[in-house]
Amino acid sequence: PTKPPQDDNTNLNACIDHLLRILSRKDKEGFFQYPVTDQFAPGYSQIILRPMDFSTMRKKMVQDEYANVLEFRSDFELMCENAMKYNRPDTIYWQAAKKLLATGSKLMHKDKLISFRRSVE
Ligand SMILES: CC(=O)c1cc(-c2ccccn2)c2ncccn12
């Protein structure tokens with residue numbers, strides 16, 4: 001008999017947890033693990049209106065706030081884009097964000113997500 005469909009987020013959260021582990025492991029300096037504070041980054045909260053970081057993504061996952069992987073990917077892209085907006089291109093933060101974004105785009109490429117989705121159905 002086929003497995004009954006799990007209407008909870010078990011499969012989705014397992015997939016997001018897997019992606020979170022891979023992506024946050026790339027952030028060796030720990031720049032993206034927690035919310036950026038104004039004391040580290042003067043004026044940050046005035047410039048970046050939608051802050052995002054790995055700990056917030058994990059919290060959203062646990063609270064079942066992601067309906068699919070694309071919503072998770074949007075938060076990941078927002079986190080990288082925030083860093084490339086607030087910081088100048090010659091900073092370690094900007095360069096780390098660009099590198100991380102490239103890794104995430106390859107990992108969560110649309111075609112990959114479609115074939116993965118078909119494999120778990
Ligand atoms: C991600 C980011 O923009 C960032 C992280 C940090 C950060 C993250 C952890 C410890 C210290 N700084 C930061 N500091 C100054 C300016 C920007 N940042």
Residue among Asp75, Asp90, Asp64 with the largest mean-square fluctuation in a Gaussian network model of the chain, springs linking Cα atoms under 10 Å | Asp90
Taking all pairs of different Cα atoms in the chain, averaging 1/r and flipping that mean, what Kirkwood radius in angstroms comes out?
-> 15.4
With only Lys, Arg, Asp and Glu charged, each at its Cβ (+1 for the first two, -1 for the last two), find how big the charge dipole of the chain is about the Cα centre; round to the nearest 20 debye.
-> 460
Which one of Leu19, Leu49, Leu100 has the biggest mean-square fluctuation once the chain is modelled by GNM with Cα springs under 10 Å?
-> Leu49
For the chain, the longest principal axis of the Cα atoms and the Cα long axis of helix 69-86 enclose an angle in degrees, to the nearest 10, of 10
Using alpha carbons only, how many degrees (0 to 90, rounded to 10) separate the axis of helix 110-120 from the longest principal axis of the chain?
-> 30
Positive dipole terminus of the chain, leading residue within Ala41, Met61, Ala83 (C-beta point charges) | Ala83
For the chain, find the longest principal axis of its Cα atoms and tell me its angle to the long axis of helix 10-26, 0 to 90°, nearest 10.
-> 30
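Quick note: the coordinates plus some simple rules give every number you see, no bench work behind them. Since the structure is predicted, the reported quantities are computational estimates derived from the model, not experimental observations. Backbone-built Cβ (ideal geometry, glycine too); neighbour counts: all protein chains shown.
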